[in-house]
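What follows is a single structure, and I will ask about it in a moment.
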Amino acid sequence: MNRHLTGAELDLLVDGEGLVEIRPELEAHLIACQQCAASMVPSLHLKRLTAEAGLRYHPSPDFARRILAVTAPRQTRRYWLPVFATAAACLLLAVLFFTTRKPAPQQALSRELLDQHIAMLSARSQPQILSSNKHVVRPWFQGKLPFTFNTPDTLPPETELIGANLSYLQGKPVGDLIFKIRQHYVSVFLSQRDSSSVLEPPKGDAGFHIRAASTPHLDVIAVSDVVNPDLDALLASITAAQDP
Amino acid sequence: MKVSEFSHAHTSAFDDLALPLCPSLYNLACWLTRNPSEAEDLVQETYAKALRGFGSFQTGTNFKAWIFRILRNCFLSSRSGLAATRTISLDESPGAVDTPDPEPSPEMQLILRCQREQVQAALEQLSPDFVEVLILCDVEEMKYRDIADVLSIPAGTVMSRLSRARAALRRALLANHAQGQSR
């Protein structure tokens with residue numbers, strides 16, 4: 001690893017999380033890099049303090065007795081239980097049938113994309129870097145992403161760059177460029193392309209459109225409520241900018 | 001097994017799993033509602049709903065995540081929960097720096113000197129979205145996948161939200177410290 005750990009990667013280590021594939025690499029870097037190791041100390045300290053400070057409120061003994069009373073009456077009315085148990089078993093089987101089927105990878109990706117886009121749209125949300133200047137936005141990602149990308153010199157008509165976020169899709173860091181087409185906001189996620197798989201654009205949902213494109217090194221996905229031709233034009237300008 | 005024995009075992013199983021979690025549920029409820037009386041109502045409603053729905057709980061899955069999700073859903077449908085969802089922000093970290101500082105910065109030094117009371121004051125200033133993810137991760141020591149289950153969001157979003165919540169907590173600590181210095 002030839003870069004420093006990001007804040008989120010430090011969080012993974014502090015929380016004892018991380019996929020089996022990436023955790024050894026992060027730990028190896030931590031051992032070798034004094035700077036990242038030093039950054040880990042306050043993170044660990046803050047986590048311990050948050051654990052202490054967060055455990056602040058304790059229920060009174062009287063309240064605990066009230067909770068016991070919530071469960072107590074159930075023990076007295078049992079004559080209808082066989083009917084209920086049969087109905088509950090049928091319901092459970094039906095629920096199991098529908099819930100144990102894992103969502104398809106495309107569906108999961110679609111949910112993540114929409115969640116990130118809607119979070120960006122929320123009332124008080126501002127991009128982590130707020131600038132319409134591509135020479136400010138692009139360098140902001142240095143050291144935060146394990147890849148790089150170009151931002152287009154010329155955008156389609158009525159399209160402007162608003163800023164960017166560092167986000168995560170399926171556990172991987174991605175560049176999230178925020179554009180505005182007329183009054184519509186667009187999130188464009190740029191991720192390092194996995195050469196072993198072909199990007200299949202997930203379907204849109206809840207009135208949002210999702211369009212995708214690829215270059216030899218990048219997968220680019222755009223999410224917005226703007227019409228598809230506008231999204232495609234923006235994607236085309238971004239993918240064209242990746243050509244040397 | 002007779003019906004009465006079965007029902008007793010059913011309730012007993014619920015009690016065994018749910019009652020030890022009362023302090024944790026009450027603690028999160030207080031952080032979310034910021035009102036002890038509302039928190040008590042919220043926990044009581046959670047227990048009533050959990051008991052009614054216990055038949056649908058799958059043995060072997062995470063009961064703690066299951067009952068915390070019920071608490072959160074009860075909160076979101078409550079008056080204070082609805083008010084919170086209208087005003088909270090999921091991302092309030094403009095300009096947040098996501099790379100480690102080259103040397104121990106004043107921020108890092110300040111964090112190392114922080115006390116529990118200062119962190120409590122800073123937590124009080126965060127939005128419910130940020131507080132709940134910090135409580136679930138740091139106080140309840142839940143794994144990301146269980147937090148994702150409680151909050152009904154993808155695991156990747158848990159990572160983003162935690163990262164932003166911690167950045168917001170650091171900013172609040174710094175701001176409170178600066179305010180204290182200027183007095």
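The values are calculated or read from the model by the stated rules, or taken from the named source; none is laboratory data. The model shown is predicted, which means the values in this text are computed figures rather than measured ones. Positions of Cβ are generated from backbone atoms using ideal geometry, with glycine treated the same way; all protein chains shown enter the neighbour counts.
Going through the stretch B:51-78 one residue at a time, which ones are over 19 Å from B:I135 (Cβ atoms) and part of a helix (DSSP H, G or I)?
Here is the first cut: in the stretch B:51-78, the ones over 19 Å from B:I135 (Cβ atoms) are B:51-61, B:77.
Residues satisfying the conditions are B:L51, B:R52, B:F54, B:G55, B:S56, B:S77.
Conditions tested, residue by residue: (1) closer than 21 Å to B:W31 by Cα; (2) surrounded by fewer than 14 Cβ atoms within 10 Å (Cβ to Cβ); (3) at pLDDT below 85.
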position	(1), (2), (3)
A:V41	no, yes, yes
A:L46	yes, no, no
A:L49	yes, no, no
A:P59	yes, no, no
A:R66	yes, no, yes
A:V70	no, no, yes
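Just for the stretch B:121-142: of the residues that are part of a loop (DSSP other than H, G, I, E, B) and at the interface with chain A (Cβ under 9 Å from one of its Cβ atoms), which one is nearest to the chain's Cα centre (by Cα)?
Let us first name the residues in the stretch B:121-142 that are part of a loop (DSSP other than H, G, I, E, B), namely B:125-127, B:140-142.
From the residues that got through so far, the ones that are at the interface with chain A (Cβ under 9 Å from one of its Cβ atoms) too are B:127, B:140-141.
Details: B:S127: 11, B:E140: 8, B:E141: 11 Å.
It comes out as B:E140.
Still on this structure: Determine whether the stretch A:21-35 contains at least one residue that is within 20 Å of B:S105 (Cβ to Cβ), at the interface with chain B (Cβ under 7 Å from one of its Cβ atoms), part of a helix (DSSP H, G or I) and within 26 Å of the chain's Cα centre (by Cα).
No, the stretch A:21-35 contains no residue that is within 20 Å of B:S105 (Cβ to Cβ), at the interface with chain B (Cβ under 7 Å from one of its Cβ atoms), part of a helix (DSSP H, G or I) and within 26 Å of the chain's Cα centre (by Cα).
Take A:R101 and tell me if it is assigned to a helix (DSSP H, G or I), among the charged types (D, E, K, R), modelled with pLDDT under 80 and over 30 Å from B:C30 (Cβ atoms).
Details: assigned to a helix (DSSP H, G or I): no; among the charged types (D, E, K, R): yes; modelled with pLDDT under 80: yes; over 30 Å from B:C30 (Cβ atoms): yes.
Judged against the criteria, A:R101 is not a match.
May I ask you to list pairs of residues, at least six apart or on different chains, whose Cβ atoms are under 6 Å apart, with the first in the stretch B:142-162 being in contact (Cβ under 8 Å) with a residue 40 or more places away in the chain and the second being assigned to a loop (DSSP other than H, G, I, E, B)?
Taking only residues 6 or more apart or on different chains, the pairs are B:D146/B:N62.
Let me ask another. Would you mind stating whether A:F179 is touching a His at 6+ places or on another chain (Cβ under 8 Å) and either more than 14 Å from chain B (Cβ to nearest Cβ) or at pLDDT below 90 (or both)? Spell out the reasoning first.
Values: touching a His at 6+ places or on another chain (Cβ under 8 Å): no; either more than 14 Å from chain B (Cβ to nearest Cβ) or at pLDDT below 90 (or both): yes.
For A:F179, the condition - touching a His at 6+ places or on another chain (Cβ under 8 Å) and either more than 14 Å from chain B (Cβ to nearest Cβ) or at pLDDT below 90 (or both) - is not met.
Would you confirm whether or not the stretch A:189-204 contains a residue that is assigned to a loop (DSSP other than H, G, I, E, B), more than 14 Å from chain B (Cβ to nearest Cβ), at pLDDT 85 or above and over 21 Å from B:L162 (Cα atoms)? Before the answer, list the steps.
Narrowing the stretch A:189-204 to residues assigned to a loop (DSSP other than H, G, I, E, B): A:193-204.
After this cut, where a residue has to be more than 14 Å from chain B (Cβ to nearest Cβ) as well, the list is A:193-201, A:203-204.
Next, only the ones that are at pLDDT 85 or above stay: none.
Checking the stretch A:189-204: not a single residue is assigned to a loop (DSSP other than H, G, I, E, B), more than 14 Å from chain B (Cβ to nearest Cβ), at pLDDT 85 or above and over 21 Å from B:L162 (Cα atoms).
Report, by residue number, each residue of the stretch B:44-61 that is within 22 Å of B:E141 (Cα to Cα) and either more than 7 Å from chain A (Cβ to nearest Cβ) or of a type in the set (D, E, K, R) (or both).
So in the stretch B:44-61, the residues within 22 Å of B:E141 (Cα to Cα) come out as B:46-47, B:50, B:57-61.
Scanning the stretch B:44-61 gives B:T46, B:A50, B:F57, B:Q58, B:T59, B:G60, B:T61.
So, of the residues in the stretch B:30-73 that are hydroxyl-bearing (S, T, Y) and out of contact with any Leu (no Cβ under 9 Å at 6 or more places or on another chain), which turns out to be surrounded by the most Cβ atoms within 10 Å (Cβ to Cβ)?
Of the residues in the stretch B:30-73, the ones hydroxyl-bearing (S, T, Y) are B:33, B:37, B:46-47, B:56, B:59, B:61.
Then keep just the ones that are out of contact with any Leu (no Cβ under 9 Å at 6 or more places or on another chain); that gives B:37, B:59, B:61.
Numbers: B:S37: 8, B:T59: 7, B:T61: 10.
Filtering the stretch B:30-73 for residues that are hydroxyl-bearing (S, T, Y) and out of contact with any Leu (no Cβ under 9 Å at 6 or more places or on another chain), the one surrounded by the most Cβ atoms within 10 Å (Cβ to Cβ) comes out as B:T61.
Could you check how many residues of the stretch B:108-120 are at pLDDT 80 or above and surrounded by 15 or more Cβ atoms within 10 Å (Cβ to Cβ)?
Count: 5.
Looking at the stretch A:168-175, is at least one residue crowded, with 20+ Cβ neighbours inside 10 Å, of a type outside the set (A, V, I, L, M, F, W, C), within 19 Å of the chain's Cα centre (by Cα) and more than 17 Å from A:L234 (Cα to Cα)?
Within the stretch A:168-175, the subset crowded, with 20+ Cβ neighbours inside 10 Å is A:168-169, A:173-175.
Then drop every residue that is not of a type outside the set (A, V, I, L, M, F, W, C), which leaves A:168, A:173, A:175.
When the remaining residues are screened for being within 19 Å of the chain's Cα centre (by Cα), the result is A:168, A:173, A:175.
With the extra rule that they be more than 17 Å from A:L234 (Cα to Cα), the set shrinks to A:168, A:173.
Yes - at least one qualifying residue is present in the stretch A:168-175.
Now, a different point. Do we find that B:T33 is hydroxyl-bearing (S, T, Y) and modelled with pLDDT under 80 in this structure? Quick ask: steps written out before the conclusion?
Details: hydroxyl-bearing (S, T, Y): yes; modelled with pLDDT under 80: no.
For B:T33, the condition - hydroxyl-bearing (S, T, Y) and modelled with pLDDT under 80 - is not met.
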